[in-house]
Each structure stands twice: as structure tokens, then as C-alpha cells.
Amino acid sequence: MEIKEKIIEKLLLLVALSSITILGLITFFIFEEGIPLILKIGPRAFILGQRWVPSQGSYGILPMIVSSFWVTFGALALGIPLGLACTIFLCEWTPPAVAMILRPAIHLLAAIPSVIYGFWGLVVLVPLVRNYLGGPGLSILSGSLILGFMILPTIISISEDSLKALPPTYRQGALALGATHWQTIWRVLIPAARSGIVASIILGMGRALGETMAMIMVLGNAVKMPSSFLDSARTLTTNIGIEMGYASGDHRQALFATGIILFLIIMILNFLAIFVSRRRVD
Amino acid sequence: MARRTRYWTQRIAKVLIWAAALSTIAVMVLILVQILREGIPVLSFHFFLGSPRDMGRGGGILPTIVGTFALTAVAIFFAAPLGVGTAIFLREYTKEGRISRLIRFGTDCLAGVPSIIFGLFGFVFFVIYLNMGWSILSGGLTLAAMILPTIISTAEEAIKATPGSYREVSYSLGGTKWQTVTRAILPSALPGIFTGIILSVGRSIGETAAVILTAGSSLLMPTSLFSPIRTMSVHFYILAREGISMEMAYGTGAALILLVLFINTLAHWLINRYIHRRT
């Protein structure tokens, strides 16, 4: 009996280490495939190079890094205010009838496959942008608009948790001092839940940087430095998604190297989010 | 005066927040309506049970439905035991400390890794290094790694929600730790665990980037775990992106949305039932 219990405990420990093991494997294999190319052409030429012409052996990904951030910041510009507003709505105003629609709607936003967003963007949003704002329509703006909605569930669910975790005395105290409901929310509750909200925004940012399929469908995929939100663009993720199907040799390694850069950016964001939300616990 | 300003501020804030909430719902509805309106007329008995003809320009989508479910089943088969095991370990077998922090760190990071990175990893590790080729197995294992964090966190929540008295009674009757876990805690946590699994099924069905790199895009009916397949999401993506057939794309998209809607409704019905029973 004793021995059986001991074995089970060891086995469970092994099982529990699976996620960190997978993370290690991912890191190892992505680096193993991508690092040789980065070393071959030099990290500087790879990260700061502006030409991506695999047939001629030039692999510079600066335009993709810059485009990734343009699209992501565009998405945050829409996602943060909308997400915060929905969070406040759900936690504080909640007219039951509307909340009963809004909550499932947000769950559904999280559940809809990203290819569906991309397709909707392609058939509805892209023509709108092209007709009313000019440019090719397949643009950073279209991508940002779609991503703004795609990251809403991330932002809302995490900031809602942190608002709900506040002790009720905060609200009671503010209201007792004669603050309006809005003043209580804006000056007391939101600042108190700040670390959770910031963490939710960082994770939303990671989500936006990592989205692939929807972006392939609406960004237009041209490799160039963006100069306007109406420009077509290619991000780090879409570069991998588009070319992985037929790449081989150096070209394939260059796509893995693109993956390394994306992976590093995402890991930095992960660390930040964990750090920020840990501070809340202390 | 000051009093009046702050009530005005509140009123304006209220209007803006209502506008934001309503526009979120509106966008949601617009997406669903657009795809379902164009797609539902395409759906038919023949569409679901026929084989695709001419790259998917005609015929049905049966092989992609089979592929989707096979891939999802493999993913759950591997991820569910690992995820639930991790949750049991974190909740019942260890105190908060170095090891649990490491495990949580791994899980949090894994949850943030983009699906295209999982795709790259699955491609070098399963498809090439382990020589499984583009197959249901490669794709399923890649998806398993992807959904693991969701399963861990929902299972942990469910185990955490089990009343402490269950443990006390079991131990006081002389139960061992493993007996307590399997006979007292797991049965009561089962609906919560199941909900997490259903949500992961939804995620697996909708995943495209990771799947296209690991399971391939063959339109043939799979015959074994080593057959390459094309899932419904990948099929939808290829139809739309390569402009093969808008009609079939809408049909596949509508089928996907209906499937995801069904799965989500089921999950939330379970959550509500489960929470209502608890309180």
C-alpha cells in the first residue's frame, strides 16, 4: 500500500512536469532549426535587414517586426478601451438582461475560430476600408480592427477577475464618502485593480502578436516597411504561415529563425505579465 | 456646480460604456449573421456526407469532418490525462513551493505561445524528428500540447471547488491519498473537468495554423492514425484564401460556426448547472 502510494506520487510529479517539458522541447527545437541561419547571415543582418527575397538568399525581417507592432498597437488602441468598457459594464452596471447577452457574446468571441474572423474581415471589412478610406483594403487597419475584437475576451476575462477580487470595502468606502458610482469605478476600483488590468493588456498584446491565419487573410502580405495604416503588410507570424508550405533548406531555416524572434518577444511579454500579476499577490 | 459636473461625467461615461458593450454584441452578431446567412443554404445531407470533388469546388466535406474529429480525439486522449494529472498533483500532492511555481510558470508560458509556434514545433519534432509524417497523430499531439494549459487550469479550478469535508471524511475513514483523490475528489470535480475538456475540443476544432503544418491538407478519407488529413478549419481556409469556391467556403464556415456554437452552449450549460448545484 505504502509503495503503491509512493509510485503514484512520483508518476503524478512526472505528469505535472509535462507542460514545462513541452515548453523546453519547443524552445530547443525552434532554436535548433533557426539558429544556424541567424549565425550564417549574422543576427544584425537578419533582424535589421529590410530585404526578404528567399530566392536570392536575402533574409531581413525588420519590416515584419515593425509591421507586427503596428498591427498590434492598432489592435490595442481598439481593444483596450472596448475591453475596459465591457469589463466595467459586466462588473458594475450589469443590467441583467443585457449582461445575459454580453457575457455569452464574449465567450463566443473567444470560441470563434480565427479563420472565421479572417474570412469575415476579407469579405466585409476589407471592401469597406478600400471603398471609404482608399488603398488596397488589405491593410494594417483591417488587421488591427479584427484583432481588436479577437483580443477582447483575453482583456475582459482577466481584468474582470482582478476587479472582482477587490475587497468590497473599497467600494463601500468610496460610496460612503459621497463619490458617485462613476467616481468610485474610475478613481478607486480601476486603480486598485491596475496590476490585473495591465497583465490582461500584456496578454492581449501577446495574443495579437501571435495571430496568424486571420492576418494572412486581411493584411495583404506585402513585405515592406509600413508607412500608413492603409498599407498592406506582412507580420512575423504571417511570414511563417504563408511560406512554410513550400520552403526548404535555408529558406525553411529562415522561417524558423523568424519563429525564434516571435517566440522571444512573446516570452518577454509572458514574463512581464507573470511579474505584474505576481506583484498583486504580494 | 461641482456636484452637477460629476453627475454629468457619470452620465457621459454611462453612455460611452453602453455604446461599447452594444457595439461588441453588434459585431459578434454581424459576423455570425454574415456567415450563417450565406452558408446555411449550402448545407445539405449531401454536403455533410459527400466526398469533395475537384479540390473542393463541389461535392461534400465528409473527409474533413472525419479528420477534424479524429484529430480532436487524439488531442484529448493525450492532453486530458496529463492535464488532470497535473491538476491533481498541484492541488493534492504538493504545497505551494519551488516545484509548483515551476509547473505553473511552464503552464502560463505554454498558454501564451502562439499557435504558429506550436505548428513549427510539431513540424520539426513530430513530423520530421519522430518521423510521423503529416498525420492525424502529429497534428493531434501538437494540439494536445496546445490545449494542455486550458485543461490544467479548468481541472485545477474544479478540484479546488471540492469541499474540504470530502477529504476529511475520506481520510478519517482510513482512505489513502490516492483513494481520496479517485473516490472522493475526482467524482465531485468531474463536471468541471469535463467542461474544460469541451472548451478544449472547441479550440481544437477551430485551430488552423498549427494543424496545417502538422496534419497536412490531404482531402482523402483517412485510413489510419498515420494518414494525413485536412480539418474543416483548414479546408475553409484553403477554399477562401485560394479562391476555390466562395459557396463551399461559406458552407464549411457555417458548419464550423454551428459546431462551435453547439460545443460552447454545452460547456456553459454544464458550468451553470455545476455552479448552481454547488451554491
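The values are calculated or read from the model by the stated rules, or taken from the named source; none is laboratory data. The shown structure was predicted, so the numbers you read here are calculated from the model rather than taken from an experiment. Methodologically, a virtual Cβ is constructed for each residue, glycine included, from the backbone with ideal geometry; neighbour enumeration extends over all protein chains shown.
Can you name the residue in the stretch B:217-231 that is buried (at least 24 other Cβ atoms within 10 Å of the Cβ) and within 14 Å of chain A (Cβ to nearest Cβ) and is also nearest to residue B:144 (Cα to Cα) among such residues? Step through it out loud before you land on a result.
Just the residues of the stretch B:217-231 that are buried (at least 24 other Cβ atoms within 10 Å of the Cβ), to begin with: B:229-231.
Then keep just the ones that are within 14 Å of chain A (Cβ to nearest Cβ); that gives B:230-231.
Working: B:230: 17, B:231: 15 Å.
In this case the residue turns out to be B:231.
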Report yes if some residue within the stretch A:26-43 is more than 26 Å from residue B:110 (Cα to Cα) and touching a helix residue (DSSP H, G or I) at 6+ places or on another chain (Cβ under 6 Å); otherwise report no. no
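Please verify whether residue A:171 is away from every other protein chain (no Cβ under 13 Å) and assigned to a helix (DSSP H, G or I), treating the condition exactly as stated. Reasoning before the result, please.
Working: away from every other protein chain (no Cβ under 13 Å): yes; assigned to a helix (DSSP H, G or I): yes.
In short, yes.
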Among the residues of the stretch A:4-16, is any assigned to a helix (DSSP H, G or I), β-branched (Val, Ile, Thr), closer than 16 Å to residue A:260 by Cβ and more than 9 Å from chain B (Cβ to nearest Cβ)? no
Does the stretch A:219-246 hold any residues that are among the aliphatic types (A, V, I, L, M) and more than 11 Å from chain B (Cβ to nearest Cβ), and which are they? A:219, A:222, A:223, A:225, A:230, A:233
Examine the stretch A:76-85 for a residue that is over 30 Å from residue B:35 (Cβ atoms), in a helix (DSSP H, G or I) and free of Cβ contacts under 8 Å to residues at least 60 places away in the same chain, and state whether such a residue exists. no
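Restricting attention to the stretch A:128-148, does a residue exist that is hydrophobic (A, V, I, L, M, F, W, C) and under 16 Å from residue A:201 (Cβ atoms)? Before the answer, list the steps.
Going through the stretch A:128-148, the residues hydrophobic (A, V, I, L, M, F, W, C) turn out to be A:128-129, A:133, A:138, A:140-141, A:145-147.
Filter once more, so that each one left must be under 16 Å from residue A:201 (Cβ atoms): A:147.
So far as the stretch A:128-148 goes, yes, one or more of its residues are hydrophobic (A, V, I, L, M, F, W, C) and under 16 Å from residue A:201 (Cβ atoms).
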If we scan the stretch A:153-166, do we find a residue that is out of contact with any Pro (no Cβ under 7 Å at 6 or more places or on another chain), assigned to a loop (DSSP other than H, G, I, E, B) and free of Cβ contacts under 8 Å to residues at least 40 places away in the same chain? yes
Only one of B:102, B:22, B:90, B:30 is facing chain A (nearest Cβ under 9 Å) and at pLDDT below 90; which? B:22
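Residue by residue through the stretch A:213-237, note down the ones that are hydroxyl-bearing (Ser, Thr, Tyr) and either more than 17 Å from residue A:61 (Cα to Cα) or modelled with pLDDT of 95 or more (or both). It would help to see each step written out before you state the result.
First, the residues of the stretch A:213-237 that are hydroxyl-bearing (Ser, Thr, Tyr): A:227-228, A:232, A:235, A:237.
Once the filter is applied, which keeps residues that are hydroxyl-bearing (Ser, Thr, Tyr) and either more than 17 Å from residue A:61 (Cα to Cα) or modelled with pLDDT of 95 or more (or both), the stretch A:213-237 yields A:228, A:235, A:237.
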Of the residues that sit in the stretch B:1-19 and are polar (S, T, N, Q) and surrounded by 14 or more Cβ atoms within 10 Å (Cβ to Cβ), which one is farthest from the other protein chains (Cβ to nearest Cβ)? B:9
Out of everything in the stretch A:223-252 that is buried (at least 20 other Cβ atoms within 10 Å of the Cβ) and over 19 Å from residue A:70 (Cα atoms), what residue ends up being nearest to the chain's Cα centre (by Cα)? A:244
Over the stretch A:37-75, the set of residues within 30 Å of residue A:150 (Cα to Cα), free of Cβ contacts under 8 Å to residues at least 60 places away in the same chain, part of a helix (DSSP H, G or I) and among the small types (Gly, Ala, Ser) is none
